[in-house]
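To start, the structure under review is shown below, and the notes come after it.
Coordinate-derived values only; no laboratory data. All figures in this text were calculated on a predicted structure; none of them were measured in a lab. Glycine also receives a Cβ, built like all others from the backbone with ideal geometry; neighbour counts cover every protein chain displayed.
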Amino acid sequence: LDYKKLLNSHVESIPPYVPGKSIQVTSAEIGIPPENIIKLASNENPLGPSPAAIDAAKKSLANSNMYPLADAENLRKAIAENLSFSPENIFATGPGMDSLIDSLSKAVLSSGDEVVISTPTFSFYEISAKTYGATPVFVQRKENFDIDPDEIINSVGENTKIIFLCSPNNPTGNSISEKDIRHICKNSNCIVFLDEAYIEFSTKPSMVHLLKEFDNLIIGRTFSKVYGLAGLRIGYGIMSREIVKDLLKISLPFSISSVSESAAIAALSDFEYIEKSKKLVHEGIKQLTDGIHNNTKFKVYPTDGNFIAVNVYPYTSKQVSEHLLNNGVIIRNCESFRGSGRNLIRITIGTEEMNKKVIKLLSNFKQF
Ligand SMILES: *Cc1c(COP(=O)(O)O)cnc(C)c1O
């Protein structure tokens, strides 16, 4: 079989998604037992899942023989209540927010279409667009990683269907101002997808209120970060009813398992866990930023997320991330994020103990 002849021609050009390295693989590679390895590479919550979510998931297991309600109806209601929106404005989906990005791409993109992506940013926008044959147009962020809203608007052409924005941005940590988001929504005749995966950690407000004003805006959210449920793969989007209706038509039925749905509903109102998670991150940002600035020449960027971006010049991100890896700490070498250059690393905020180890390892890197 000449399989390649059957393959959609655009699939060849899709870059593989590069995940954070796992503890299991790292343990086998460097010969350190898994329990001695720290993973700060995927912006996971170091506190473990919300205890309320674990309880709810366990209880729900007893009904695993039944299909969940269609369209995750109960979760949509809980999210809607939380945000003071109607459930008809919520599309809840799995696996993760990645699935929302995929469904949106599936609904609107085809060969010859374009999407606008401001790099460096989350790499799945590019993968998803290319999966459906669309061409990404990349707009590089400024030196301080701010976007240039006019450059983004000017990159929108006749065939542009989606502008992907991320705020707080992964992997750089900075946010986009309300003024810039309004400017882009107002001046582009296409969907503006705003990824708020990290908004719960931010001291700046979410842009959900803009949904009442702009029907081309879609906001993406996830249970993988502040809610600590990355392994259960639950995401959601807030958008116009019209778009929700179409996404429901083309998305996979029952994409959120009953166990995941129960856990997510419980996590939404586990305020004690949410507050604890945010506090840990805010204290950790200060600890890591001060620790790195006081002990190295590296530049730590300000962040609104649960991670920090660090420029490790004159060393390369590869050298520094390998040094940490060999000492049992997995962080992110940002080389796989298009437009990041060769000196950017990303470190998830860990517990005080984990952060201490990171600071120590970065400090003694100077001697290499
Ligand atoms: C983690 C993350 C997501 C979503 O992750 P899921 O686990 O698929 O919900 C989306 N966007 C950004 C920028 C992220 O960092």
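What does the C-alpha gyration tensor say about the overall shape of the stretch 322-368? Classify as rounded when a/c is under 1.5, otherwise prolate if a/b is larger than b/c, or oblate. Oblate, because a/c is 1.5 or more while a/b does not exceed b/c. In terms of its C-alpha gyration tensor, the stretch 1-78 has an oblate overall shape, because the principal axis ratio a/c (a ≥ b ≥ c, square roots of the eigenvalues) is not below 1.5 and a/b does not outweigh b/c.
When peptides 38-48, 216-226 are sorted by average Cβ neighbour count within 10 Å, with the highest value leading, the order is 216-226, 38-48. The simple spin-label model puts a point 7 Å past each Cα toward its Cβ; for ARG338 and ALA28 those points are separated by 3.1 nm.
Assuming 0.890 mPa s and 25 °C, estimate D for the stretch 233-353 with Stokes-Einstein, Rh taken as the Kirkwood radius over Cα pairs, in µm²/s.
On the way: Rh = 17.5 Å.
Using the Kirkwood radius from Cα pairs, D works out to 140 µm²/s.
Sorting the Cα pairs of the stretch 207-281 by distance into bins of 5 Å, from 0 upward, gives 3, 14, 19, 20, 19, 16, 8, 2, 0 percent per bin. Computed extension gain for LEU47 through LYS286, at 0.36 nm per residue and net of the alpha carbon distance, reaches 84.2 nm.
Comparing Cα centroids, the stretch 212-285 and the stretch 35-97 end up 7 angstrom apart. Counted over all Cα-Cα pairs of the stretch 9-149, pairs farther apart than 24 Å make up 58 percent.
Between rounded, prolate and oblate, where does the stretch 145-250 land on the alpha carbon gyration tensor, with a ≥ b ≥ c its root eigenvalues, rounded for a/c under 1.5, else prolate if a/b exceeds b/c? Display every interim value, and only then the final one.
Details: a/c = 1.81, a/b = 1.18, b/c = 1.53.
Taking the square roots of the gyration eigenvalues as a ≥ b ≥ c, the stretch 145-250 is oblate.
Annotation: peptides 250-259, 233-242, ranked by per-residue average of other Cβ atoms within 10 Å with the highest first, follow the order 233-242, 250-259. Computed from the Cα positions only, the extents of the stretch 67-174 along the three principal axes stand at 45, 32, 21 Å, in decreasing order.
Nearest 500 deg cm²/dmol is fine: what mean residue ellipticity at 222 nm does the chain get from its DSSP H runs of n ≥ 4 alone, each adding -39,500 (n - 2.57), divided by its residue count? Show your work: numbers first, answer last.
Working: 13 runs with 138 residues, N = 368.
When only DSSP H runs of four or more count, the value is -11000 deg cm²/dmol.
Quick note on the chain: its Rg to Rh ratio, both from C-alpha atoms and Rh being the Kirkwood radius, is 0.96. Full extension of the chain segment joining ASN294 with SER240 gains 14.7 nm, where the gain is 0.36 nm per residue of separation less the Cα-Cα distance.
Across all Cα pairs in the stretch 291-347, the calculated P(r) in 10 Å bins from zero up to the longest distance comes to 24, 60, 16 percent per bin. Counted as membrane-span-like here are DSSP H helices of the chain whose alpha-carbon atoms extend 20 Å or more along the helix's own axis and whose Kyte-Doolittle mean is -1.0 or above; these are 271-295. When only the Cβ of Lys, Arg, Asp and Glu is charged (+1, +1, -1, -1), the dipole of the chain relative to its Cα centre reaches about 780 debye. Subtracting the Cα-Cα distance of LEU252 and ASN63 from their residue separation scaled by 0.36 nm leaves 65.9 nm.
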